[in-house]
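**Student:** One structure, as structure tokens, below. Some questions next.
A short reminder: the numbers here are calculations on the coordinates, not readings from a lab. All of these numbers come straight from a predicted model, not from anything done at the bench. In this analysis, Cβ positions are derived from the backbone assuming ideal geometry, glycine residues included, and neighbour counts consider all displayed protein chains.
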Amino acid sequence: MTLDAHTYATAPMRKLGRMLRAGETTSAELTEHALQLLETRGRALNAVVTVTRDRALREAVRADAELAAGHDRGPLHGIPYGAKDLLATANIPTTWGAAPYRDQVFDFDATVIRKLEAAGAVLVAKLAMVELAGGMGYDAPDASFTGPGRTPWDTNRWSGGSSSGSGAAVGGRIVPFAIGSETSGSIMSPAANCGTTGLRPTYGRVSRHGAMALCWSLDKLGPLARTADDCGLVLGAIAGPDVADPTAVARRYRYAPDSERTEGFRFALPKGATDGIEDGVREAFEASLAVLRGMGTVEEVALPEFPYGAVIQHVIFGEASSAFDSLIASGGIADLTNPQDRVTPYALPACTAVDYLRAMRIRSKIAAALEGQMQGYDAMVAPTAARLAPPIDQPFNRDRPGGLPLIPAGNLAGQPAVSVPNGFGEDGLPTGLMLIGAAFTENRLLAAASAFQERTAWHLQLPPGVG
Amino acid sequence: MSTDAERTPLDREVDAYVALIRQRYGERISDDDLPRLERAVRRLRTTAAEMAAFELANGDEPATAFTAGTGELP
């Protein structure tokens with residue numbers, strides 16, 4: 001049994017599952033591929049914190065034995081994956097991407113890890129991330145004790161963050177899927193920069209028990225994978241209520257692609273979606289609009305006017321300052337990697353309780369307005385990121401964000417979003433198309449994203465030297 | 001360096017917060033760190049002013065127990 005590198009790099013989850021069940025490969029073989037790539041390509045991309053070899057081999061052997069015995073746990077059975085290193089894993093370090101926590105070890109698995117184990121998936125690595133998920137105000141790609149995340153499309157460019165390793169490991173075809181987290185852009189940004197599909201679920205759809213808290217009212221866990229269908233399969237395994245996380249909603253979730261339409265979608269295009277964005281991003285988006293028009297209708301709408309950036313800044317800063325108050329009070333932030341991260345948290349007296357509550361009051365209005373606007377539409381569409389992946393050795397220019405503030409807007413409203421590859425800009429760097437839906441409409445959103453991927457081949461392109 | 005007369009209300013507010021922060025964490029903040037600290041404080045106070053300009057009524061409640069899909073208290 002010898003799985004060729006191209007098949008490993010390109011096969012979506014359903015194909016890998018068919019091969020496993022047909023005896024054309026084994027979970028042990030898939031896992032060995034992943035482990036080898038993690039130690040080589042994964043290290044080169046700064047995508048890896050810990051390779052979980054022993055646990056992976058144990059889970060793979062079990063997966064193969066179960067399939068041989070007729071015990072099939074479903075579409076993730078035997079599939080290797082990586083987890084952002086903010087998810088607790090029993091007796092394996094969980095570093096939160098930050099030097100002060102590099103020796104931290106929990107004695108339990110996060111709910112998501114536990115659910116994936118129950119689904120038969122094989123944990124092969126804890127993946128790199130921006131330190132403390134970027135909540136301390138970092139201003140450059142180097143903000144992780146494992147080094148700057150590199151996109152597999154150009155190792156001198158940033159993978160995006162804060163789920164940097166999750167994006168790079170999936171985009172670099174090292175693992176078929178990975179779990180990331182998003183507070184404001186941390187799944188969408190690496191999905192775009194690394195040329196992968198990423199799903200930000202509705203707030204509360206997935207339990208965060210065992211995940212590092214950055215911002216309780218915004219944090220979400222979700223998959224990055226090769227296709228929208230793969231993301232749906234993963235969401236089907238990790239979604240659902242959890243008594244250990246009171247914010248996890250009671251409603252059950254079932255991924256049901258066959259019950260969704262494949263055309264006749266109604267897309268909303270916010271006015272100004274391409275204002276101030278890079279040429280390559282705009283060209284890719286305009287080409288995508290032609291594809292979307294072939295799938296249904298595209299109507300221009302006005303994004304409701306709110307101070308989205310200001311609101312999310314105060315929500316994140318207020319909650320993160322509290323979540324990490326002991327680290328700040330102890331002076332432990334001095335050990336963080338990014339110089340701005342070592343200073344910004346001390347500014348916490350400048351975010352008052354009144355500011356935070358004002359932000360949360362405006363947030364209520366934002367959520368109501370955006371949910372109202374989504375009535376009559378399946379998704380709002382826009383470029384995922386206004387700019388191509390930036391160089392790893394330069395600070396960000398936060399004064400030139402470009403595009404509309406759809407990432408803060410969607411996160412403040414708790415709405416789900418999918419990012420799919422939709423082209424390439426200058427220097428062969430990937431671009432992303434973002435589809436945002438009303439809360440709890442992941443299946444419709446994934447159906448639209450899958451229909452887009454049926455009509456395009458951007459998600460099938462491989463980075464240089466891969467496959 | 002601007003004179004006192006040239007300093008805006010925002011400048012003075014930033015100065016006041018930086019002074020408070022230095023009093024609280026002074027030994028941990030070097031002179032090299034000051035521009036970064038001032039930048040962080042300025043961003044927070046600028047965006048706080050942006051939010052303050054947004055009109056809210058007395059009954060507009062915060063999303064403190066946030067439920068996606070409604071934006072209302074459960």
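**Student:** Mind checking which residues of segment A:400-444 are in a loop (DSSP other than H, G, I, E, B) and more than 20 Å from A:Gly280 (Cα to Cα)? Explain how you work it out, then say what you get.
**Tutor:** Pass one, segment A:400-444, residues in a loop (DSSP other than H, G, I, E, B): A:400-405, A:413-416, A:425, A:429, A:437-441.
Residues satisfying the conditions are A:Ala413, A:Gly414, A:Gln415, A:Pro416, A:Gly437, A:Ala438, A:Ala439, A:Phe440, A:Thr441.
**Student:** Another question about this same structure. Quick check on my filter: what residues within segment A:58-96 are in a helix (DSSP H, G or I), touching a strand residue (DSSP E or B) at 6+ places or on another chain (Cβ under 7 Å) and without any contact (Cβ under 8 Å) to a residue 60 or more places away in the chain?
**Tutor:** Across segment A:58-96, the qualifying residue is only A:Ala63.
**Student:** Only one of these conditions is not met by A:Ala211: (1) surrounded by 15 or more Cβ atoms within 10 Å (Cβ to Cβ); (2) within 14 Å of another protein chain (Cβ to nearest Cβ). Which number is it?
**Tutor:** Condition (2) is where A:Ala211 drops out.
**Student:** Need the failing condition index for A:Leu20 against (1) on the phi < 0 side of the Ramachandran plot; (2) under 24 Å from the mean Cα position of the chain (by Cα), just the number.
**Tutor:** (2)
**Student:** Can you say whether A:Ala447 is in contact with an Asp or Glu (Cβ under 8 Å, 6 or more places away or on another chain) and touching a residue at least 60 places away in the same chain (Cβ under 8 Å), as far as the supplied structure shows?
**Tutor:** Details: in contact with an Asp or Glu (Cβ under 8 Å, 6 or more places away or on another chain): yes; touching a residue at least 60 places away in the same chain (Cβ under 8 Å): yes.
It is true that A:Ala447 is in contact with an Asp or Glu (Cβ under 8 Å, 6 or more places away or on another chain) and touching a residue at least 60 places away in the same chain (Cβ under 8 Å).
**Student:** Under the condition of being within 15 Å of the chain's Cα centre (by Cα) and part of a loop (DSSP other than H, G, I, E, B), which residue from segment A:194-206 is farthest from the other protein chains (Cβ to nearest Cβ)? Explain how you work it out, then say what you get.
**Tutor:** Here is the first cut: in segment A:194-206, the residues within 15 Å of the chain's Cα centre (by Cα) are A:194-203, A:205-206.
Right, trim to part of a loop (DSSP other than H, G, I, E, B) and you get A:195-196, A:201-203, A:205.
Working: A:Gly195: 29, A:Thr196: 24, A:Pro201: 10, A:Thr202: 5, A:Tyr203: 4, A:Arg205: 8 Å.
This residue is A:Gly195.
**Student:** Name the pairs whose Cβ atoms lie under 6 Å apart, with the first residue in segment A:29-44 and in contact (Cβ under 8 Å) with a residue 24 or more places away in the chain and in a helix (DSSP H, G or I), the second small (Gly, Ala, Ser) and surrounded by fewer than 19 Cβ atoms within 10 Å (Cβ to Cβ), and 6 or more positions between them or separate chains?
**Tutor:** Hits for this filter: zero, empty list.
**Student:** Can I ask one more? Out of the residues in segment A:236-263 that are of a type in the set (Gly, Ala, Ser) and buried (at least 18 other Cβ atoms within 10 Å of the Cβ), which is farthest from the other protein chains (Cβ to nearest Cβ)?
**Tutor:** A:Ala237
**Student:** Now for a separate question. May I ask you to list the residues in segment A:319-337 that are touching a residue at least 24 places away in the same chain (Cβ under 8 Å) and more than 10 Å from chain B (Cβ to nearest Cβ)?
**Tutor:** A:Glu319, A:Ala320, A:Ser321, A:Ala323, A:Phe324, A:Leu327, A:Gly332, A:Asp335, A:Leu336, A:Thr337
**Student:** Would a scan of segment A:298-311 turn up a residue that is farther than 22 Å from A:Ile362 by Cα, surrounded by 15 or more Cβ atoms within 10 Å (Cβ to Cβ) and of a type outside the set (Phe, Trp, Tyr)?
**Tutor:** yes
**Student:** Would it be correct to say that A:Arg387 is within 21 Å of the chain's Cα centre (by Cα) and either closer than 24 Å to A:Ala98 by Cβ or charged (D, E, K, R) (or both)?
**Tutor:** Spelling it out, A:Arg387 is indeed within 21 Å of the chain's Cα centre (by Cα) and either closer than 24 Å to A:Ala98 by Cβ or charged (D, E, K, R) (or both).
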